[in-house]
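Following: one structure in structure tokens, then a few remarks.
The values are calculated or read from the model by the stated rules, or taken from the named source; none is laboratory data. Note that the coordinates shown come from a computational prediction; the quantities given were computed from them, not determined experimentally. FYI the Cβ positions are ideal-geometry reconstructions off the backbone, even for glycines, and counts take in every protein chain you see. Accessible surface areas use protein heavy atoms only, side chains included; no ligands, DNA or RNA. Shrake-Rupley method; radii C 1.70, N 1.55, O 1.52, S 1.80 Å.
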Amino acid sequence: MAVFEVRQGSSPVILGFPHTGTDVPASIRERLNDNGRILADTDWHIHDLYQGLLPDATAVRATFHRYVIDANRDPAGVSLYPGQNTTGLVPETDFDGLPIWKEGEGPTEVDITERLRDFHAPYHAALSAEIARVKAIHGVVVLYDCHSIRSHIPFLFEGRLPDFNIGTDMGKTCATEIERAAAEIAAGAECYSHILNGRFKGGWTTRHYGRPEQGVHAIQMELAQSTHLATEAPPFALDRAKADRLRRPLKAILERIETVAKELKRTGSEA
């Protein structure tokens with residue numbers, strides 16, 4: 001099983017997709033309980049949603065499911081949000097706090113070590129290679145990490161999540177111009193709500209790679225799944241009309257970020 005896919009492009013923008021994969025090796029799937037096998041915590045249809053929005057962008061996508069191992073978690077297992085409910089490197093529960101493994105079949109330390117080697121590390125090696133390649137071409141690179149999540153998850157957050165959740169670790173992972181570009185377009189998108197560095201401030205990928213002082217910028221976009229799914233429950237079908245409407249502001253965000261990246265290169269600005 002290929003654990004990642006890469007589509008190389010000539011733009012300074014790279015799209016990351018750590019959570020759209022649904023592949024689970026048979027030896028792991030048989031250890032999941034009925035709840036786990038639903039794979040509810042997938043970023044459903046996100047790689048299709050972004051398809052063609054920025055044709056020259058590079059894309060790096062994990063094909064394995066986050067229940068195998070979460071490609072957007074610190075390989076050392078350090079929590080992204082200390083003191084708040086979240087899921088770990090190899091989740092033991094779903095986003096509702098319900099078990100996903102059969103009794104006695106949860107991940108062991110040996111499992112985690114093997115999955116880091118076989119899944120997590122290869123995905124990030126591919127992503128790192130593309131960041132280096134694109135930066136060598138342009139002198140600057142923007143990693144735009146693509147995510148989605150259900151809009152109502154009491155285990156993780158109160159109330160309803162905004163539609164656009166932009167994360168830059170409080171401005172640490174990218175130039176101000178990039179953060180501002182995404183936030184301004186999201187704010188102007190009719191019928192959509194947005195927040196900058198709210199409940200989701202950027203995952204491990206964004207925080208790990210975002211080094212604006214070195215010309216490597218990273219920003220996370222977490223979309224509420226109510227913006228593009230027919231229902232936030234099985235079978236998690238895409239609502240084409242919703243998706244087509246959502247693609248317009250997403251395209252505008254990506255195009256603006258690409259323009260900003262080229263301007264940063266031209267001026268030599270890195271922060």
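Of note:
- GNM result for the chain, Cα springs below 10 Å: residue of ASN72, ASN165, ASN33 fluctuating most strongly: ASN33
- Inter-probe distance in nm under a simple model that places probes 7 Å from Cα toward Cβ, at ALA26 and VAL110: 2.1 nm
- Considering only the chain, percent of DSSP beta bridges that pair antiparallel, nearest 5: 35 percent
- Sites listed here are chymotrypsin sites (Phe, Trp or Tyr not before Pro) in region 151-205 whose DSSP assignment is loop and whose Cβ has at most 11 other Cβ atoms within 10 Å, and the list is empty.
- Fluctuation leader among VAL141, VAL110, VAL90 - the chain, Gaussian network, Cα springs under 10 angstrom: VAL110
- Proximal aspartates and glutamates relative to LYS201, as straight alpha-carbon distance under 13 Å, when same-chain residues fewer than 8 apart are discounted: ASP145, ASP169, GLU179, GLU222
- Sites excluded, GluC sites (Glu not before Pro) in DSSP loops with at most 10 other C-beta within 10 Å, longest stretch of the chain: 1-102
- Entry note, the chain: the mean residue ellipticity at 222 nm calculated from DSSP H runs of n ≥ 4, each adding -39500 (n - 2.57), is -9000 deg cm²/dmol after division by the residues and rounding to the nearest 500.
- Build a GNM of the chain with springs between Cα atoms under 10 Å apart, and of SER226, SER148, SER193 the one that fluctuates most is SER193.
- Radius, Kirkwood style, for region 156-271 when every pair of distinct Cα atoms is counted (Å): 14.9 Å
- Averaging 1/r over every pair of different alpha carbons in the chain and inverting the result gives a Kirkwood radius of 18.7 Å.
- Electrostatic dipole magnitude of the chain [Cβ: Lys, Arg +1; Asp, Glu -1; Cα centre; debye, to 20]: 720 debye
- Carbon + sulfur, % of accessible area of region 115-225 - ligands and nucleic acids excluded, 1.4 Å: 55 percent
- Taking a point 7 Å from the Cα of THR259 along the Cα-to-Cβ direction, the residues of region 214-249 with backbone N closer than 15 Å to it are 249.
- Think of a 1.4 Å ball rolled over the protein heavy atoms: region 4-269 then has 41 Å² of accessible area per residue.
- Annotation: VAL78 carries an accessible surface of approximately 90 Å², with a 1.4 Å probe and no ligand, DNA or RNA atoms counted.
- Rounded to the nearest 10 degrees, the angle from helix 121-138 to the longest Cα principal axis of the chain is 0 degrees.
- In Å², nearest 10: area of ILE185 left accessible to a 1.4 Å probe: 20 Å²
- The solvent-accessible area of ASP111, taken with every protein chain present and a 1.4 Å probe, is close to 20 Å².
- What the Cα convex hull of region 8-135 gives, in volume per residue, is 122 Å³.
- Label sites at VAL6 and ALA121, each approximated as a point 7 angstrom past Cα along Cα to Cβ, lie 1.7 nm apart.
- Largest to smallest in accessible area, the residues ARG207, ARG240, ARG66 fall in the order ARG240, ARG207, ARG66 (1.4 Å probe, all protein chains included).
- Distance violations [Cα-Cα > 22 Å] among LYS135/LYS262; LYS172/LYS265; LYS172/LYS242: LYS172/LYS242
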